[in-house]
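Have a look at the structure below, then the notes.
Every number in this text was worked out from the coordinates using simple rules, so none of it is lab data. Quick caveat, the model's predicted, so the values are computed rather than measured. Cβ placement follows ideal geometry from the backbone for every residue including glycine, while neighbour counts extend to all protein chains displayed.
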């Protein structure tokens with residue numbers, strides 16, 4: 001039962017193989033088993049690869065099963081179409097495109113399994129890439145907000161500088177009228193004379209301006225700080241909104257690229273393993289000598305080819321003979337007077353009917 005199933009998988013003609021030796025049946029059962037288990041590995045690999053795309057196990061299994069059937073059918077077709085010939089060169093030529101197809105299939109099967117085998121290492125590479133993307137994303141978004149925030153901070157510095165300059169001016173006026181009162185500067189007269197009052201009034205006016213400037217600039221600074229806080233909040237919101245996109249950076253293409261960042265040696269040998277599995281039935285059939293099954297298959301094919309060729313030749317001969325007989329028969333009929341008279345009578349009747357119909361049509365159109 002199991003052997004018959006694997007023979008079916010090999011694409012061999014079971015009716016011919018039944019009459020072959022047990023060793024021949026076992027050989028083709030082994031080829032069929034290779035084809036079957038390659039399809040199973042293709043199903044597992046494609047299901048995992050599609051799961052990274054769909055994030056749905058049922059959809060992944062369904063499409064993975066379809067892909068496994070496709071690979072099974074391709075492998076079965078490749079193996080079954082390799083036929084032994086008497087010329088090794090012609091055998092190699094007919095196997096070349098099938099080997100190329102087998103290499104492509106091996107790549108398609110091996111890559112998803114490599115991603116599963118090296119999943120932890122790939123996750124580490126993806127984590128580093130995500131961190132780098134996060135930093136780059138923050139820097140890129142900051143370029144939109146930093147100029148405005150820098151300008152607002154400079155405005156705050158300018159406003160505070162105005163207050164500092166006014167305080168220095170007021171303090172200088174204070175020192176001036178105090179020195180005038182003490183007689184250490186100015187008129188050098190001790191006491192609060194007219195000059196003292198004048199300088200005191202200037203100081204008091206400057207102090208009032210300082211108080212007003214402080215109130216005005218403090219309000220402006222508070223407004224600017226509110227704007228800065230709003231920009232910082234907006235910046236954080238944009239960063240947080242874009243972060244899920246970076247967190248989702250673990251799709252199929254990202255994992256393939258991350259796999260390419262790992263050392264190539266282990267990945268290459270996994271690919272070679274699947275390449276050997278995929279091409280082994282083809283290579284085995286090319287290297288194996290012409291066996292019992294090949295001879296019997298060639299015998300049946302040659303019998304059918306000979307039979308078809310014979311039928312084609314017979315049809316051609318029949319057509320040539322029939323053509324020759326028809327020419328002879330019609331040439332003899334053309335010489336008979338009765339046939340000529342009858343044919344002439346019918347043609348005359350037809351011409352009269354056509355003339356009457358044309359006449360009636362012309363009269364109707366008048």
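Suppose R0 equals 51 Å; then what is the FRET efficiency for residue 346 and residue 321 from their Cβ-Cβ distance, rounded to the nearest 0.05?
With R0 = 51 Å, the Cβ-Cβ based efficiency is 0.95.
Considering the chain as a Gaussian network with a 10 Å cut-off on Cα pairs, which listed residue, 312, 304, 40, attains the greatest mean-square fluctuation?
It is 312.
What does the convex hull of the alpha-carbon atoms of the stretch 215-295 project to on average, in nm²?
Hull-based average projected area comes out at 9.9 nm².
For the stretch 47-99, compute Rg over Rh where Rg is the Cα radius of gyration and Rh is the Kirkwood radius from the inverse mean 1/r over Cα pairs.
Numbers: Rg = 17.1 Å, Rh = 13.2 Å.
That ratio equals 1.29.
Between residue 330 and residue 3, how high is the FRET efficiency from 1/(1 + (r/R0)^6) when r is the Cβ-Cβ distance and R₀ = 56 Å? Nearest 0.05. Working shown, then result.
Values: r = 65 Å, r/R0 = 1.16.
For R0 = 56 Å, the calculated efficiency reads 0.30.
Running a GNM on the chain with Cα contacts under 10 Å, which residue among 305, 200, 76 ends up with the highest mean-square fluctuation?
Taking springs between Cα atoms under 10 Å, the residue moving most is 200.
Hey, for a label at residue 238 modelled as a point 7 Å past Cα toward Cβ, could you say which residues of the stretch 142-175 have their backbone N under 17 Å away?
Inside the label zone: 142-153.
Need the full-extension length gain, residue 168 to residue 309, defined as separation in residues times 0.36 nm minus the C-alpha distance. One decimal, nm.
The span from residue 168 to residue 309 would gain 38.9 nm if fully extended.
Over all distinct Cα pairs, what is the inverse of the mean 1/r for the stretch 308-365, reported as the Kirkwood hydrodynamic radius in Å?
15.4 Å
For the pair residue 83 and residue 201, how long in nm is the line joining their label points, each one 7 Å along Cα→Cβ?
Going from the residue 83 label point to the residue 201 one covers 12.5 nm.
(i) 475; (ii) 126; (iii) 186: which one is volume of the Cα convex hull per residue in Å³ as calculated from this entry?
(i)
Under 1.5 on a/c is rounded, so check that first for the stretch 241-366, then, if it is not, pick prolate when a/b is larger than b/c and oblate when it is not; a ≥ b ≥ c are the square roots of the alpha carbon gyration tensor eigenvalues.
Cα axes put the stretch 241-366 in the oblate bin.
Let's test the formula: R0 of 35 Å, r as the Cβ-Cβ distance of residue 73 and residue 19. What FRET efficiency results, to the nearest 0.05? Don't skip to the end; give the middle numbers.
Values: r = 27 Å, r/R0 = 0.77.
Given R0 = 35 Å and the Cβ-Cβ separation, E is 0.85.
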